[in-house]
Amino acid sequence: MSLRLAVAAALGALALFPLAGRDYYATLMLPFFGYGIALLGLNLLFGTTGLLSFGHALFVALGAYTAAFLTSKLGVLDLEVILMAAAVAGAVIALPTGLLCVRYVRIYFGMLTLAFGMLFYSFLLKFYAVTGGDEGMRVLRPRLLGLAWTSFSKVEFLTGPFYYYSLAVLVLGAVVMWRIVRSPFGLGLRAIRENAGKAEFTGVDVRRYRLSAFVVAAVFGAVGGALLPIPTGLADPLLAYWTHSGNLVFMLLLGGFGNFFGPVLGAFVFIVLQDQVMSITQYWRFVFGAILAVVVVFFPQGLTGLLDRRQRAGT
Amino acid sequence: MITNRRTFIKVLAGAAAATGARLDVAPALAQAAPVRIGVLAAKAGVTAPVGESGLRGTQFAVDRINAAGGIAGRKVELAVEEESNPKDTVERFRKLALQTKAEVITGGISTAVGLAVGPVSEELKALWLAWDATTQKGVEETIPKPRYAFRSVDNEAEAVMASILTARQLKGKVKTVAGINNDYSYGRDNWAAFLAIMKKFGMNVTPVVELWPKLGETNFTSHVAALQQAKPDLVFSSFWSGDAPILMKQAHAAGLTQGTKFVLTTAGGVHESMKKAFTPEGAIMGYNSLYFEAPNASPLLREFSKWHQERFKEWPNYESDHAYFTIVAYKAAVEKASKAAGGKWPTTEQTVEALEGIEVESLSGRRGYRSDHIMEASYYQGVTTHKNRHDFVTIDPVEVMSTKQIQKPSGTGLYDWINSWSV
Amino acid sequence: MLGGVFHAAVLFLVAAGLQLVFGVQKILNLACGSFYALGAYAGVSAVSWALAAGAPPPIFPLVLVGAGLGLALVGPVIERLLRTIYDRDESFQLLLTFALVLMFEDVIRFVWGTAPHQLSSAYLVYGQLRVGGLVIPVYNLVVIAAGGAIAALMGFLLARTRFGRIVRATAENRGMAEAMGVDVSRVYVRVFTLGVALGTVGGALVIPATAAVNEMGIDLIVEAFAVVVIGGLGSMRGAVAGALIVGIMRAVAVATYPEVEMLAIYVVVIAVLVLRPAGLFAKAAA
């Protein structure tokens, strides 16, 4: 199948990227891994289950601050521990918030998630004694697989071991998500998206399924969020602001939420686009708004939708 | 950039001199590649006006430098990237360092950005001359001994100067104080410094209310009401952006400006918005390092003010000075290091060494970098007056204090230093 | 307290715009904050220009309202854009309005730049009122009165006029209204433009007391949306109640426990959404 080929080619390209020697582009790709994982989660919630969250940035920020707290306050530097802690933190916060949110759908779900996101943002900003307030919290360089890689400078670390580690986490996350989506559980979620009433009728516990999707999405969001601030070395409250959630949805839409690879493609394109557009004009927000509008109106299936259409047209 | 006749003539003269009198140098000049200076400037949101101000100071410096032949014979090229949130700004910084291959990067205003960019500058061994963004507490934790990062003046310097002026002018006249500051490090540090200095001077003041509106807030009706209820003798505010005039407008409308003394440590940054209509006389107001009508203004400052007013229909503020200073300091350091290296273009490390302890003429007067990479400058504050030909307040008399007086020396904690004063 | 009511009056105007558009077209317009910002900037420009042209200061509120109404002309244009996705999932509509937020942010920056814009003396043209120990600018009362008047006008418009009946019928059941001969797309354009006008006028009216700054719309959206949730989506009375609650709650929080100033609003929003999801004045069901 050409899909497998495309994925393999993409993976190959990603793996070879840092070796091509352009340090800057390699470091530019690093957020892509974090966002890719977070978006896999968001896609489960929106693409598969049909729930649009405007507060996903909450979990991304939660993961980032978990990494910050563990490294700079508790001295825990093993990235494996950090990622697991982020996953747990995501699940712990997602359970109560999810219980409240999944009782509602569509607009109400969106609004409730936005409110929770902003609540977390206010908390991060105001309780500076705990969170560092607007200054944020430091994220120290973690140990990968038990090794500190001290002989590597930070840039070498980022474009080397850390790059491949993040790639591995993304691939792992994708494999896990693939399994989830293809499982009976995933099937149930899709049934709920199509017609919740009918799904209930066929014995699917709608509420429980939605909550599970919400928690899984949160876990992915937090794990992605934990990877995100490592290149920067700082977790700041803006990670939780509602416009950041908006950007996550933008990426998802850009890539195509109906497709499994959509979110990852969306993250990639968004990052590259942002870099390019920002160098061309200072009014890049306008350009991005226009792009989003065009995608929403003309290409709601996103880039993967476009590719699908072309593929189908070709055959 | 040739923007007026004077510059054009200068360039012409320079070109004529180069081609006519110094034929042996001309080929070298023609071959010398331009030196790229990266600039991180805020373009949107509440810090945007400050970012723009910094860009203007940068442009003014670069225009003059290029008109005079560049830095050690190389023309200056600017590469401007936007300063936004810390994550994106760090990426922009890396781009300037790795992709654009800027030889020095200036800019940086917000504290979170400053904290994030500092370590990156060290990691990449990229020379960074910040305009602002320094919170000593945070920076001490991230890079205690910076090599490549040069930081701005301590963020409490303004509060220190304003507090000293307050103690001098209002000793015995003030019993209760209130603070309304932005709820972030700058606001908190300024208020804390103020209270500590009041105590040191034996002012015996009691804080009756402390308000912490978030940066970007535009509605202070509730805050003003809280101030009215508390009836303080003095209100201290470190507002530095669009919120300063809004606060005064709403305070004035509620009658607060009659009878209450105001201390506005940094409102001079938006001095043109501090209109006479609502800003009282007798307030202590700070302009950071640039006061546009300083009585002993240097010819350079006068030229800049005039150029700024003609070009932008606005009077300049302090960020232009910090930005101008970073460019001019870099030039001086490069030329000094180049001479020491026998005429070759210096390495980054050699430039760093030359920058430490350097002194140059900037818009605000002579200023420089300490050996611990912190800026030195002169700060301008004073008592507001309506006696001028503008529609906004100015200060008279203008007090000038150097950072040697209002900034803690390297290696000391702020409060230890304050305690050590003899008053 | 009165400061809280002043803020509530402005919030009401923006929220009313939100409510109207949601009630009829079922679109949650994130760009309502952008219209508010546009009205504010335009208000400053209009009044500054009018004063420079020699207009007597006391008429400035009329200039402000005029500027707000004038700017509402972007309404039909934006509505045309939104029309392309009326029959799509709500999420898309939300995203399209988010795209508008991004675009308007730069449009404002392009036209008015990044420095704050303000009117220095307009605020006190009507003087001040001394009540007890408090000094209140009369303009605050003017805005509160204007807010009340517009609320009453909206109520009258929706309940008593033919247009109002048509709007309510279309909101209730679009298909039925169409079957009865209502030109639904014309109704939509009018309703949307009215919603935009409420936002722009709100922004224009508040400007003498404050200043127009970058990103003022983005901050307001969250507050307006809190108002709408608390009051109940689609309800005009809900907009009034919600605005008062949010405005007064903020005023009280600032005076007593400033830490929770921002948090309190979100907690209340969440509480309302959980306990009484339809808001205080139940209208639209989930």
- Message: B:Arg370 - would you say it is surrounded by fewer than 14 Cβ atoms within 10 Å (Cβ to Cβ) and either within 21 Å of the chain's Cα centre (by Cα) or outside the structural domain of B:Thr106 (by TED's automatic domain parsing) (or both)?
- Response: no
Counting only residues in region B:255-288 that are small (Gly, Ala, Ser) and facing another protein chain (nearest Cβ under 9 Å), the one nearest to C:Leu141 (Cα to Cα) is identified as B:Gly255
- Can you find a residue in region C:192-199 that is without any contact (Cβ under 8 Å) to a residue 60 or more places away in the chain and away from chain B (no Cβ under 14 Å)? no
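A quick yes/no check of all residues on (1) part of a loop (DSSP other than H, G, I, E, B); (2) buried (at least 22 other Cβ atoms within 10 Å of the Cβ); (3) modelled with pLDDT of 95 or more; (4) assigned by TED's automatic domain parsing to the domain that holds B:Ala72:
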position	(1), (2), (3), (4)
B:Glu314	yes, no, no, yes
B:Asp321	no, yes, yes, yes
B:Thr326	no, yes, yes, yes
B:Ala329	no, yes, yes, yes
B:Ala333	no, yes, yes, yes
B:Lys339	no, no, no, yes
B:Gly343	yes, no, no, yes
B:Val352	no, no, yes, yes
- Message: Among the residues that make up region B:118-134, is at least one of them modelled with pLDDT under 90, crowded, with 24+ Cβ neighbours inside 10 Å, within 13 Å of chain A (Cβ to nearest Cβ) and touching a Leu at 6+ places or on another chain (Cβ under 9 Å)?
- Response: yes
Residue set C:Val107, C:Val142, C:Val77; condition of a type in the set (Val, Ile, Thr), surrounded by 15 or more Cβ atoms within 10 Å (Cβ to Cβ) and within 14 Å of chain A (Cβ to nearest Cβ); output residue C:Val107
Checked region A:223-239 for anything more than 21 Å from A:Leu158 (Cβ to Cβ) and either within 7 Å of another protein chain (Cβ to nearest Cβ) or modelled with pLDDT of 95 or more (or both); matches are A:Leu238
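Kindly provide the set of residues from region A:78-117 that are more than 10 Å from chain C (Cβ to nearest Cβ) and either without any contact (Cβ under 8 Å) to a residue 12 or more places away in the chain or outside any helix (DSSP H, G or I) (or both), ordered by number.
Residues of region A:78-117 that are more than 10 Å from chain C (Cβ to nearest Cβ), as a first pass: A:78-96, A:98, A:102, A:113.
Listed by number, the residues that qualify are A:Asp78, A:Val81, A:Met84, A:Val88, A:Val92, A:Pro96, A:Val102.
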Q.
It is to be established whether one or more residues within region B:237-259 are surrounded by 21 or more Cβ atoms within 10 Å (Cβ to Cβ), in contact (Cβ under 8 Å) with a residue 24 or more places away in the chain, assigned by TED's automatic domain parsing to the domain that holds B:Ala167 and of a type in the set (Val, Ile, Thr).
A. yes
Do we have any residue at all in region B:151-174 that's in contact (Cβ under 8 Å) with a residue 12 or more places away in the chain, surrounded by fewer than 24 Cβ atoms within 10 Å (Cβ to Cβ), touching a helix residue (DSSP H, G or I) at 6+ places or on another chain (Cβ under 8 Å) and facing another protein chain (nearest Cβ under 9 Å)? no
Counting only residues that are buried (at least 19 other Cβ atoms within 10 Å of the Cβ) and either of a type outside the set (Val, Ile, Thr) or free of Cβ contacts under 8 Å to residues at least 24 places away in the same chain (or both), region A:288-300 contains a total of 4
C:Leu119 passes all but one of the listed conditions (1) aliphatic (A, V, I, L, M); (2) free of Cβ contacts under 8 Å to residues at least 60 places away in the same chain; (3) part of a loop (DSSP other than H, G, I, E, B); the exception is number (2)
Taking region B:53-75 and keeping only residues that are surrounded by fewer than 21 Cβ atoms within 10 Å (Cβ to Cβ) and either in a strand (DSSP E or B) or in the same structural domain as B:Val270 (by TED's automatic domain parsing) (or both), one is left with B:Arg74
Residues of region B:325-350 being of a type in the set (A, V, I, L, M) and in contact (Cβ under 8 Å) with a residue 40 or more places away in the chain, in sequence order, are B:Ile327, B:Val328, B:Ala329, B:Val334
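Every residue, every condition in (1) among the acidic types (Asp, Glu); (2) in contact with an Asp or Glu (Cβ under 6 Å, 6 or more places away or on another chain); (3) over 22 Å from B:Ala297 (Cα atoms), yes or no:
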| residue | (1), (2), (3) |
| --- | --- |
| B:Ala341 | no, no, yes |
| B:Lys344 | no, no, yes |
| B:Gly357 | no, no, yes |
| B:Gly365 | no, no, no |
| B:Gly368 | no, yes, no |
| B:Ile374 | no, no, yes |
Against the definition (within 23 Å of B:Thr47 (Cα to Cα), touching an Asp or Glu at 6+ places or on another chain (Cβ under 9 Å) and among the β-branched types (Val, Ile, Thr)), how does B:Thr260 come out, yes or no? no
Based on this model, can you work out whether A:Leu28 counts as away from every other protein chain (no Cβ under 11 Å), in a helix (DSSP H, G or I) and under 19 Å from the mean Cα position of the chain (by Cα)?
no
Expected single match for farther than 20 Å from C:Gly148 by Cβ, of a type in the set (Gly, Ala, Ser), in contact with a Pro (Cβ under 7 Å, 6 or more places away or on another chain) and within 11 Å of another protein chain (Cβ to nearest Cβ) among C:Ala264, C:Ala211, C:Ala271 is C:Ala211
Turns out the helices (runs of 4 or more DSSP H) fully within region A:118-193 with at least 2 residues that are in contact (Cβ under 8 Å) with a residue 24 or more places away in the chain are A:163-182
The condition from (1) more than 8 Å from chain C (Cβ to nearest Cβ); (2) part of a helix (DSSP H, G or I) that B:His252 misses is numbered (1)
Checklist entry - Residues in region A:202-219: is at least one crowded, with 19+ Cβ neighbours inside 10 Å, within 14 Å of chain B (Cβ to nearest Cβ), closer than 25 Å to A:Ala64 by Cβ and not hydroxyl-bearing (Ser, Thr, Tyr)? => result no
Just to be sure, is A:Gly160 crowded, with 21+ Cβ neighbours inside 10 Å, out of contact with any Lys or Arg (no Cβ under 8 Å at 6 or more places or on another chain) and closer than 27 Å to A:Ala13 by Cβ?
-> no
**Asked** Could you say whether any residue in region C:227-242 is more than 14 Å from chain B (Cβ to nearest Cβ), in contact with a helix residue (DSSP H, G or I) (Cβ under 9 Å, 6 or more places away or on another chain), under 30 Å from C:Trp112 (Cα atoms) and small (Gly, Ala, Ser)?
**Response** no
Selection over region B:275-312 where residues are of a type outside the set (D, E, K, R) and either part of a loop (DSSP other than H, G, I, E, B) or closer than 13 Å to B:Thr384 by Cα (or both) yields a count of 20
*Would region A:244-263 turn up any residue that is at pLDDT 90 or above, within 14 Å of chain C (Cβ to nearest Cβ) and farther than 30 Å from A:Asp308 by Cβ?*
no
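The values are calculated or read from the model by the stated rules, or taken from the named source; none is laboratory data. Everything numeric in this text was worked out from a predicted model, so none of it was measured. Heads up, the Cβs are rebuilt from the backbone with ideal geometry, glycines too, and the neighbour counts pull from every protein chain shown.
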